[in-house]
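Data block below; observations after.
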Number of protein chains: 2
Amino acid sequence: MPPTPPEKQSTFPSVWTRPRPTREHPALSRDHIVAEALRLLDEEGIDALSMRRLGTRLNAGATSLYRHVANKDELIELAVDEIYGEIEAPVHPDPANWRTDMAGCAHSLRTTILRHPWLASVLGEMGMSYLGPNWMRASEATLNVLTTAGFPTDEADRALSTVVAYVTGMATSEAAWLNVLARSGQDERTMVEHLWPAAEEAAQEYPLLREGYAEQRGTDPRAAREEGFQYGLDRVLDGLETRLK
Amino acid sequence: MPPTPPEKQSTFPSVWTRPRPTREHPALSRDHIVAEALRLLDEEGIDALSMRRLGTRLNAGATSLYRHVANKDELIELAVDEIYGEIEAPVHPDPANWRTDMAGCAHSLRTTILRHPWLASVLGEMGMSYLGPNWMRASEATLNVLTTAGFPTDEADRALSTVVAYVTGMATSEAAWLNVLARSGQDERTMVEHLWPAAEEAAQEYPLLREGYAEQRGTDPRAAREEGFQYGLDRVLDGLETRLK
DNA sequence: CCCGGATGCGAACACCGTACGCTGGCCGCG
DNA sequence: CGCGGCCAGCGTACGGTGTTCGCATCCGGG
């Protein structure tokens, strides 16, 4: 009888089966951990992220992670700022085109959130880790768009907050919907169709809501989301434009 | 030696110590459960809400709650819509004053969220339970403000979404900050003062951010939040106003 | 070569949400 | 009045969670 293969037999107390303790390829590191956490989050959502699952995915024990990360919360904060690294903002903004520049930042933030819908689940518990390097970089760049457009520095701050609040508010509710969608495993179109009776039932006594629902019936929900976001963004930018006289 | 008091000795197998099974005052009901859950949430935040703790607070076993509520998630959804009942919206809006009416709705939504900061933690996981009766009532009333102001029905929907997105986005980040604050137990003023060095350190390479920070230094943070919200709200309403020509 | 700090990890603790089956009181029907 | 069924409440149990602690082992530097 051949000996059992030496793979993963470390619990069997024999010198011969003891695994060669050569470091697995790259060992464990904070960046490695965050990267794998992101992969897990994107694939299966926030509920799937547990220290144990993350550990096994890294061929490591759950508690080993604590050598590189203080908390699960800290881990998530790191992951979030990593995501913020995807936000694009113009380096040399054009004062004449500040609206399109700002619109670009806003769309970039929105698509970033929608690309990682689990973000919405944690935004409310962290503010948005305003001190992470990637968030600060994006903020500075967007602030630059506003100041070169002519906003005084203190007002540029508030204008940025306004846009960010609108975008995160909108994207958060969209992402929550995407989360529900992902859990149901259905197509957005069919999911809406399935939900329709309940919505109409609930809106029975509310004529304005009912009318709004009825008008949306049959349209592509994804396109409607996109268009709704654009509408609100245009209004916010309109409102800011009035301040530049 | 006197007998042990008959209170809560049901596990001791004696006829004499068995508690009189008279129904405690009101028994258990869904409304009762939701009300107590709200009390717990407001006092100690979202992390403190567990079925076991809620059960003991109601002098009941944890699993008894499941007779009246399907899930912890459903319980939270009920609690959230209960809170939405606090939102105020004018019943007979004045078309000439639609801006102040909308501003009132917006402020009411914001203060509602800030009064229950745990709301921010769950908004991202539920969209916002758009089908709850209280939310629908508030939506209908606010939609009424917009349509009587002159918005066509389909645009009123999008305008409402815009305002709601801005307010929830702003209030969410404020509430997250309040949550951090509550956990630290510190005063907002002193907490800001403590955080300052880290913020300035992090903003080292970002002149615009640094300048913005510097200008805020020493001001009352609560008033600044209030004023920042008002600024953005004014911009959003400005943007909507352009659509009424 | 050896030692000390860094690193991984197994076991343990205190919780969590919830499925299941029992008990005992209540209500309506015979 | 008696009784049978219904159902609220609950004890137990299962499989999971984040995190602490102490031990084993490895690696780099004197």
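Brief remarks on what is shown
- log10 of Debye I(q)/I(0), alpha-carbon scatterers only, for region B:122-189 at 0.14, 0.25 Å⁻¹: -0.57, -1.11
- Equivalent-ellipsoid semi-axes of region B:30-69, from the Cα gyration tensor, Å, largest first: 16, 11, 8
- Sum of side-chain charges, residue B:46 neighbourhood, beta-carbon under 13 Å (Lys, Arg +1; Asp, Glu -1): -4
- Peptide-level mean, for A:225-235, of C-beta atoms on other protein chains within 10 Å: 5
- The residues packed around residue A:229, meaning those with a beta-carbon under 12 Å from its beta-carbon, carry a net charge of +1 if Lys and Arg are +1 and Asp and Glu are -1.
- Between the beta carbons of residue B:68 and residue A:88, assuming R0 = 56 Å, the FRET efficiency works out to 0.70 to the nearest 0.05.
- Solvent-free Debye scattering, log10 I(q)/I(0), computed from the Cα coordinates of region B:84-244 at q = 0.09 Å⁻¹: -0.37
- Inter-copy separations for residue A:64, label at 7 Å along Cα-Cβ, nm, ascending: 4.7
- Chain lengthening between residue B:96 and residue B:194 when straightened (0.36 nm per residue, less Cα-Cα): 30.6 nm
- Across chain A, Cα pairs under 8 Å and at least six residues apart give a relative contact order of 16 percent.
- Degrees between helix B:72-84 axis and first principal axis of chain B (Cα, 0 to 90, nearest 10): 50
- For A:84, A:206, the ranking by accessible surface with the largest value first comes to A:206, A:84, using a 1.4 Å probe.
- Averaged over B:40-47, number of beta-carbon atoms from partner chains that fall within 10 Å: 0
- When the Gaussian network model of chain A links Cα atoms closer than 10 Å, the mean-square fluctuations of A:202, A:224, A:35 top out at A:202.
- For chain B, built as a Gaussian network whose Cα springs stay under 10 Å, the top-fluctuating residue of B:134, B:179, B:97: B:97
- Region B:89-128 residues near the modelled residue B:57 label - backbone nitrogen below 19 Å, point 7 Å along Cα→Cβ: B:113-123
- Note on residue A:187 and residue B:217: the model spin-label points, each 7 Å out from Cα along the C-beta direction, lie 5.9 nm apart.
- The order of B:47, B:81, A:73 by accessible area, most exposed first and with a 1.4 Å probe, is B:47, A:73, B:81.
- Dipole of the protein assembly as shown [Lys/Arg +1, Asp/Glu -1 at C-beta], most positive-end residue of B:32, B:194, B:138: B:32
- The mean number of partner chain beta-carbon atoms within 10 angstrom of a residue's beta-carbon across peptide B:207-214 is 5.
- Sorted shortest first, the distances from the residue B:94 label point to those of the same residue in the other copies are 4.6 nm; each point sits 7 Å from Cα along Cα-to-Cβ.
- Taken about its Cα centre, the protein assembly as shown carries a charge dipole of about 2060 debye when Lys and Arg each add +1 at the Cβ and Asp and Glu each add -1 at the Cβ.
- Tail beyond 14 Å, pair distance distribution of region A:180-245 (Cα, percent): 70
- The simple Förster model, with R0 at 41 Å and r as the Cβ-Cβ distance, assigns residue B:50 and residue A:154 a FRET efficiency of 0.40.
- Within a Gaussian network of chain B (alpha carbon springs, distance under 10 Å), most fluctuating of B:215, B:74, B:43: B:215
- Inter-copy label distances at residue A:234, using a point 7 Å along Cα-to-Cβ, come to 2.5 nm with the shortest given first.
- For the protein assembly as shown, the spread of Cα positions along each principal axis, largest first, Å: 81, 67, 52
The values are calculated or read from the model by the stated rules, or taken from the named source; none is laboratory data. Keep in mind that this is a model prediction, so the values were computed, not measured. Neighbour counts are summed over all protein chains in view; Cβ atoms, including those assigned to glycine, are modelled from backbone coordinates with ideal geometry. SASA here: full protein model, heavy atoms, side chains in, ligands and nucleic acids out. Shrake-Rupley method; radii C 1.70, N 1.55, O 1.52, S 1.80 Å.
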